[in-house]
Amino acid sequence: MGWKGGMFVPRPFGKFASTSAPSFWVFIFTAVLALSFLVFIETRVETQISLATWEEQSALPLWRAQRSFGLAIQGAARDVVQSAGGAPLPGSVGAGLGADLVKAAPRNAVGGAVASVDAKQVLVQFSEEGLVEQGVDGSVRFASAALEALRERFGLGGGERVSPQTATFSFSVQDPGRVEEAVAAFNALRGGGEVVFAEPDYPVTAAVVPNDEYFPLQWGLRRVNATAAWDVETGSPLVIVAVLDSGVDLDHPEFSSLLWRNLGEVAGNGVDDDANGFVDDVQGWNFVVNSSDVDDDFEHGTMVAGVVAAVTNNNKGIAGTCWSCKLMVVKTLDATGVGTVSSAARSIWYATENGADIIVASWTTQESSVLREAVDAAAAKGVVIVAAAGNDNTPTLQYPASYERVVKVAGTNSQDGRANEAGWGSSFGSDTDLAAPSTGIVSTYPGGIYVNASGTSLAAPFVAGAAALAKAHRPVLEGLALRRVLEGGVDRFGEALGVPDHFIGEGRLNLAKVLSFENATSAEAVISFPVAESVVNGSVVVRGRAGGEGFLLEEGPGDYPSAWSTINSGTRVSEGELGVWDTTRVPNGRYALRLSVWDNAGEAHEWVHVQVENTPCNVGSERECGGGVGVGACTPGVERCLAPGFWSACEGRVDPQSEVCGDGVDNDCDNETDEGCFLCDDADGDGTEGKSATCTSGRDCDDLNSSIHPGANEVCNNQTIDEDCSGAYCLPGDPNEDFKVDLFDLTLVGSTFGCNAAASQCWDAKAKRGDTNADGVVDVVDLSSISSFFGSRYGANESASNASSQT
C-alpha cells in the first residue's frame with residue numbers, strides 16, 4: 001500500500017506481488033503501516049476533470065484491518081470476515097493478527113449459469129374433481145372421451161393433486177419435449193366446460209449465487225437484487241460497455257475474457273487497418289497521449305470496470321454486475337486522475353463510432369458546449385451514457401451528469417440512505433434519476449488484487465452493468481427506451497424504502513426490476529420551467545414536454561411528498577404549457593413538481609424541486625378573488641389569509657343558473673331577484689305568501705285553503721290534492737310514500753286510537769287513526785285489514801306477518 005496520485009491506496013484483499021515469507025522486521029514494519037492509515041483522505045483532483053471516488057479503509061474496524069493484513073501476508077484466500085454493513089457474516093471467525101484462517105466452503109451457482117426453464121410436466125385445472133380417476137398402480141384415467149384421447153396421445157401419467165381447493169392436477173408427459181403441445185391441447189378443450197386452464201409445470205430453481213471468493217463481501221450486488229436478476233440474464237459478449245476513465249489493468253484476471261477487441265485492427269503493425277483514424281487501437285485508445293496504450297496507471301478505471309463486469313462464478317475474486325459483456329477501454333484521465341474536456345469529448349466520440357452500447361463516466365467537470373455536443377451525438381445514436389452525480393455533498397449535479405440525455409446516478413449506503421461519509425457525500429438534486437450502492441464497494445485493483453472503496457464513481461458502474469444486462473436480454477433496447485428501463489427499475493424511496501435526507505432519484509437500483517421491463521417505455525417527461533432549485537411565487541406556468549398518450553402534473557411538499565395535489569392532466573404536449581400552479585394556495589416552503597407521462601408500455605417521470613416564497617399576508621385578513629367560477633358569475637368570492645403567504649380557497653361565489661323562485665337571490669346574475677315568479681296573495685290567511693312559477697290568478701298550492709301549504713300534513717286517501725306542496729301524493733295507507741303498506745306506515749299511525757269505521761275512512765296517518773277492528777290498539781291485525789283492503793288497488797299485498805318482520 002502507499003500514496004499514489006494524491007490518494008491513499010489500501011490493499012486489504014488478495015496477494016502481495018511476492019509470495020515468499022517476509023522477514024520478521026518486514027512483517028512488523030508492514031503491520032505498523034497497515035494499522036496506521038485508518039482514516040482516508042478525500043480524492044479530489046482540483047483540475048479540469050476530477051474523479052468521483054473516495055477510497056477508504058476506515059469502514060473496516062481495527063480488528064478487521066488486522067485480519068485483512070494477516071491474510072495478505074500469508075498470501076491465502078481470505079475468509080468471510082464481516083459484511084460491508086458492519087454485521088458479522090455467518091461462519092465468520094475471530095480476528096487478530098496471525099489468527100488461524102478458516103476458509104468458508106465455496107458457494108456454487110446452479111450449474112454455473114441460469115437454470116433451464118423447460119418444463120417436463122403439465123398442470124391442468126378441471127371444472128370438477130370427478131373427471132380424474134387414479135388407479136392403485138399409479139395410472140390415471142379420465143371420465144370423458146376427449147380427455148382420454150389426450151391421455152393416450154401424450155402418454156400422460158402421475159395425476160397428483162396440487163390444490164386442496166380446486167381440481168388442479170400435475171401430469172407427466174411421456175415425451176417432455178411435447179409439454180407445450182399438451183398444454184395447447186388441454187386449453188383447446190376449455191370451451192367444453194371440463195378444462196378451466198392448463199399451463200407448463202415449470203421447474204423452480206434456487207437463485208443463481210456465484211461462487212466467487214469475495215462475493216459474500218459484495219453487499220452492493222446483493223442489495224440491488226443481483227442474484228434474482230442473474231436467474232434471468234447474466235450478460236452477452238455482444239454488448240459493449242465503454243469505460244471512459246484512467247484505463248484498465250489489462251492483465252487483471254477478472255478481465256481475461258472480457259476486454260473488447262477491435263477485430264478490424266492488426267496489433268503492432270503501425271497501420272490504421274480499419275481506417276477509423278486510430279493506429280493499432282486493438283483494445284481502445286488513450287486520449288491523454290494519443291496512443292493505443294490503455295493500461296491503467298491510476299487505478300480508478302480498474303475499480304470502475306470491476307463493478308461493471310468481471311469473470312464471475314470461477315471460485316476466484318469478485319462477481320461483476322454483468323458476467324460476460326465486453327469492456328471497451330478508453331483512457332480519458334492521466335496518471336494523476338486528471339483529464340480535459342477535449343479528451344473526454346474525444347473519448348465519447350470514439351466509443352460511439354466504434355460500437356459501444358453503454359458509456360460509463362465516473363468523473364466530473366464543468367459545463368461545456370463541446371462536451372454537450374458529444375453527449376447529444378452519442379444519445380442520438382442510441383448510446384446510453386451513465387454518469388456519477390459527484391461527491392461534493394451539494395444539491396447541484398456536475399457534468400456530464402447534469403446533461404438531459406445522461407442517466408444521473410447518486411450514491412447510497414448500506415442502509416439505503418444517501419451516502420454521506422466523513423469527508424464526502426453524494427451530490428443530490430431534482431435532476432438525479434436513480435441511486436445505487438456507493439460505500440464499501442469491493443472491486444478490482446491494478447496488480448491482480450482487490451480493494452474496498454467508496455464514491456459515486458462506484459454507483460454509476462452498477463447502473464451501467466444493469467444497462468448491459470437489459471441490453472443482453474432484449475437487444476433491441478437502446479437510447480431513451482433503455483434509459484426508461486433503468487429509471488423505472490428501482491425500489492422506490494418512500495414506498496419500498498425509507499426517505500433519504502435529500503432527493504437522489506425515485507429509488508435505488510433493483511436489477512431484477514430492470515430485467516422485468518415493466519417500464520420499457522418511450523414516453524418522455526420533461527419540465528423545462530420552473531428550473532430546479534429556483535424560487536417561485538404567485539401563479540406559475542409550468543412548461544415542458546409530455547411525449548405520450550397522457551400526462552399528470554402534480555405538486556407536493558418536501559423532497560419526497562407523502563401526498564400529491566393535481567395541477568393539471570391532459571394528452572401530449574410537444575413543448576409548451578403543462579399547467580398553471582397557483583402557489584398562493586400553499587404555505588411557503590420547499591415543493592416537488594412531478595410530471596408523469598405514460599403510453600401503452602409504461603411511464604416516465606420528471607421531478608423538479610422549487611422553493612415557494614410568496615409575500616406574507618396578515619393572518620385573518622380577507623380579499624376578493626375573481627368573479628366566480630362560470631362566465632358571468634355575479635358575486636365575487638372571498639379568500640382568507642390562513643398563514644403567512646397562504647390564502648384559503650375562494651368562497652362565496654355564485655354561478656349563473658336558472659332563477660329559483662322565492663330564495664331572494666339573483667340566481668341568473670341579471671340584477672333582478674325572483675323575476676318570472678308570480679307573487680300570490682295570502683288568500684287563506686295562514687300568513688304565508690306564495691311565490692311560484694305556477695301561480696295563476698292569485699291562487700297556488702299555498703292558497704287554496706288554510707290546511708294546504710308547505711309543511712302541511714299529507715292526506716293519503718285524497719290523491720287529487722298535494723296538501724304539503726311536495727309535488728307528490730301518497731297512497732291510501734302509505735304515509736311514508738314508499739308504495740307499500742307495511743309496519744313502517746303503521747309506526748307513523750301511532751297507537752291506541754279508536755276507529756271502527758271503514759278502512760278508507762280510518763287510515764289517515766296525520767289524524768292518527770288506524771284501529772280498524774276498534775280494539776283500542778293500532779297493531780298488526782289492523783295492518784292486515786288495511787293491506788287486504790288496499791292491496792288489489794295499490795299493490796300493497798304483504799301479509800301482516802311479512803310486514804311485521806320488517807320491524
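Throughout, read-outs are computed from the coordinates displayed, never taken from laboratory work. This is a predicted model, so every value here is computed, not measured. A quick note on method: Cβ atoms are made from the backbone with ideal geometry, for glycine too, and the neighbour counts reach across all protein chains shown.
Can you tell me what share of the DSSP beta bridges in segment 278-410 is antiparallel? A percent to the nearest 5 is fine.
Antiparallel: roughly 15 percent of the beta bridges in segment 278-410.
Hey, can you grab everything whose amide H is under 5 Å from the amide H of ASP273? Only 5+ residues off in sequence or another chain; H modelled, so Pro and N-termini drop out.
Those lying under 5 Å, H to H, from ASP273 are VAL266, ASP280.
If you average the sequence gap of Cα pairs under 8 Å that are 6 or more apart and divide by the length of segment 215-516, what percent do you get for the contact order?
The value is 21 percent.
Computed FRET efficiency, Cβ-Cβ of GLN366 and VAL541, R0 35 Å: what is it to the nearest 0.05?
0.70
If I model a spin label at SER621 and GLN125 as a point 7 Å from the Cα along the Cα→Cβ vector, what separation in nanometres do I get?
Going by the 7 Å Cα→Cβ label model, 6.6 nm.
Could you list which residues have their amide H under 5 Å from that of CYS322, counting only those 5 or more apart in sequence or on another chain, with H placed in the peptide plane?
So CYS322 has HN proximity to ALA309, ALA310.
I need the calculated FRET efficiency for the pair VAL271 and THR396, taking r as the beta carbon distance and R₀ as 41 Å, to the nearest 0.05.
0.30
Given H placed 1.01 Å from N in the peptide plane, which residues other than close sequence neighbours of ILE567 have an amide H under 5 Å from its amide H?
Residues meeting the criterion, in which the H sits 1.01 Å from N, are LEU553, GLU554, GLU555.
Just to check I understand the Karplus step: with θ = phi - 60° and J = 6.51 cos²θ - 1.76 cosθ + 1.60, what whole-Hz values come out for segment 150-158, glycine and proline as x?
Listing the rounded values in order: 5, 4, 6, 5, 10, x, 6, x, x Hz.
Which whole-angstrom value gives the distance between the alpha carbon centres of segment 564-622 and segment 154-233?
46 Å
What distance in nm lies between label points placed 7 Å from Cα along the C-beta direction at GLU533 and SER170?
According to this spin-label approximation, the distance is 5.7 nm.
Please compute the length gained on full extension between ASN600 and ARG492, using 0.36 nm multiplied by the number of residues separating them and subtracting their Cα-Cα distance.
Taking ASN600 through ARG492 to full extension adds about 36.7 nm, to one decimal.
Tabulate in residue order the Karplus-calculated ³J(HN,Hα) for segment 548-553, using 6.51 cos²θ - 1.76 cosθ + 1.60 with θ = phi - 60°, rounded to whole Hz; enter x for Gly and Pro.
Ordered by residue, 3J(HN,Hα) equals x, 7, x, 8, 9, 10 Hz.
Give me the one-decimal nm value for the distance between modelled label points at ARG190 and TYR202, 7 Å along each residue's Cα-to-Cβ direction.
1.7 nm
Do any GluC sites (Glu not before Pro) in segment 511-571 lie in a loop, going by DSSP, with at most 14 other beta-carbon atoms within 10 Å of their beta carbon, and if so which? Let's see the in-between values first.
Values: sites: GLU518, GLU524, GLU533, GLU549, GLU554, GLU555; in loops: GLU518, GLU533, GLU549.
Taking segment 511-571 and a limit of 14 other Cβ atoms within 10 Å, the loop GluC sites (Glu not before Pro) found are GLU518, GLU549.
Are there trypsin sites (Lys or Arg not before Pro) in segment 340-406 that DSSP puts in a loop and that have at most 14 other Cβ atoms within 10 Å, and which ones?
Sparse-neighbourhood loop trypsin sites (Lys or Arg not before Pro): LYS381.
Given a Förster distance of 45 Å, report the FRET efficiency between VAL476 and SER648 from their Cβ-Cβ distance, rounded to the nearest 0.05.
For R0 = 45 Å, the calculated efficiency reads 0.25.
Quick one: what are the phi-derived ³J(HN,Hα) couplings along segment 119-132, Karplus 6.51/-1.76/1.60 with θ = phi - 60°, whole Hz, x for glycine and proline?
Ordered by residue, 3J(HN,Hα) equals 8, 10, 9, 10, 9, 9, 10, 9, 6, 8, 5, x, 6, 10 Hz.
Compute the Cα gyration tensor for segment 525-612, then decide on rounded, prolate or oblate, letting a ≥ b ≥ c be the square roots of its eigenvalues: rounded whenever a/c is under 1.5, prolate when a/b is larger than b/c in the other cases, and oblate in all that remain. Each step should come with its number before you reach the end.
Details: a/c = 1.99, a/b = 1.62, b/c = 1.23.
It comes out prolate by the Cα gyration axes.
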